[in-house]
Amino acid sequence: MKNVILSLLFVTIINTISAQSYTAKISNSLGSSETITPGEIKTMKVTITNTSSSGFVYGKSDFNLVLEYTGNQSVGRAFNQTIKLPKTLPAGESYTFNGISFKAPILPGEYPVNVSFYWGNRRVANGGTITFTIEEKYEASLSVSKLVVEDNRSNNISVRVTNTGGTAWPESNFSLKFELRKAPSAATSADRARFNMKSGIAMKWDFEPGESDDFEWRGFLTPQTVGKYVVKIILLRSGQPFDAEGAEKEVTFEVR
């Protein structure tokens, strides 16, 4: 019985030493940072070099390359991957995981992704962090429901706002601003003032690509002087012009 216990203890010690002796070096094709666009399909390579004195034996538990997003945005999980080493890797040799691909999130920001190599649940090597930066590139369109209006009347004007880009908009309070660019020569200062204003209502939006909503401007009082009024419509985010392509548009209202 004593011999059996000693044998088991010996095996346990050998396995522990073996587990602790595995070492590796990790390199990747991107370096420590990479700028990508929302929704982009990105491909990379990761090379594992066995720097230990024994081989990584295929089938002796699993040797895995693990990419793990370490931030707190749920969309960052798109970077998470676990890829099994498909062969035995002798001491001193290298293996390259080719064609590792993922689709970038559509939400701008920085996404830290740790690259590691594991034997079972033991980390053999830490290859550091790749920080993926998804740049803000917002696009919008504005369309007005009614451009021909009666003079000196209360109207409801609807402006459709659409996210036409590939980037999700951050949740914010959005509103509209009208700036008069050109008016009939006979227009009074009161007429001009009616097309120079900000909406008093803000809409809380966090549009995904392709999503839209209507901004209803109720009780809009038109000028008394008939003619054509050229107006710039500006989409505001938190009270400031939204930095998005297409967030400003000139339209012509015809007052009859």
Among the residues of segment 66-97, the number that are within 17 Å of R123 (Cβ to Cβ) and polar (S, T, N, Q) is 4
Those residues of segment 121-160 which are in contact with a strand residue (DSSP E or B) (Cβ under 6 Å, 6 or more places away or on another chain) and under 16 Å from E245 (Cβ atoms) amount to Y138, E139, A140, S141, L142, S143
Residue pairs qualifying under the 7 Å Cβ cut-off, at least six apart or on distinct chains, with the first in segment 28-43 being more than 14 Å from F79 (Cα to Cα) and the second being in a strand (DSSP E or B) and of a type in the set (G, A, S), are N28/G127; S32/G128
**Test result for K204, charged (D, E, K, R) and modelled with pLDDT under 95** = yes
Those residues of segment 32-50 that are at pLDDT below 95 and assigned to a loop (DSSP other than H, G, I, E, B) come to a total of 4
Contact list, first residue from segment 115-131 and in contact (Cβ under 8 Å) with a residue 60 or more places away in the chain, second anywhere and of a type in the set (F, W, Y), beta-carbon distance below 6 Å, six or more apart or interchain, is W119/Y22; W119/F63; V124/Y22; V124/F117; A125/F117
query: Is it the case that M197 is at pLDDT below 90, among the hydrophobic types (A, V, I, L, M, F, W, C) and under 18 Å from R153 (Cα atoms)?
result: yes
| query | Taking the condition at positive phi and either among the charged types (D, E, K, R) or assigned to a strand (DSSP E or B) (or both), does G92 pass? | reply | no
Every listed condition ((1) of a type in the set (F, W, Y); (2) touching a Leu at 6+ places or on another chain (Cβ under 8 Å); (3) closer than 30 Å to G219 by Cα) holds for F117 save (3)
Check on E150, acidic (D, E), assigned by TED's automatic domain parsing to the domain that holds G239 and exposed (fewer than 13 other Cβ atoms within 10 Å of the Cβ): yes
Checked segment 235-251 for anything within 21 Å of the chain's Cα centre (by Cα) and small (G, A, S); matches are S238, A244, G246, A247
Discussion item. Please determine whether any residue of segment 117-130 is in the same structural domain as K60 (by TED's automatic domain parsing), of a type in the set (V, I, T) and surrounded by fewer than 18 Cβ atoms within 10 Å (Cβ to Cβ).
Written reply: yes
The lone condition I106 fails out of (1) buried (at least 17 other Cβ atoms within 10 Å of the Cβ); (2) within 16 Å of the chain's Cα centre (by Cα); (3) part of a strand (DSSP E or B) is (3)
Reported set for segment 157-200 where residues are surrounded by fewer than 18 Cβ atoms within 10 Å (Cβ to Cβ) and of a type in the set (A, V, I, L, M) is A186, A190, A193, M197
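The values are calculated or read from the model by the stated rules, or taken from the named source; none is laboratory data. In this text the structure is predicted, and so the values were computed from the model without any measurement. Reconstructed Cβ throughout: ideal geometry from the backbone, glycine too, with neighbour counts over all protein chains shown.
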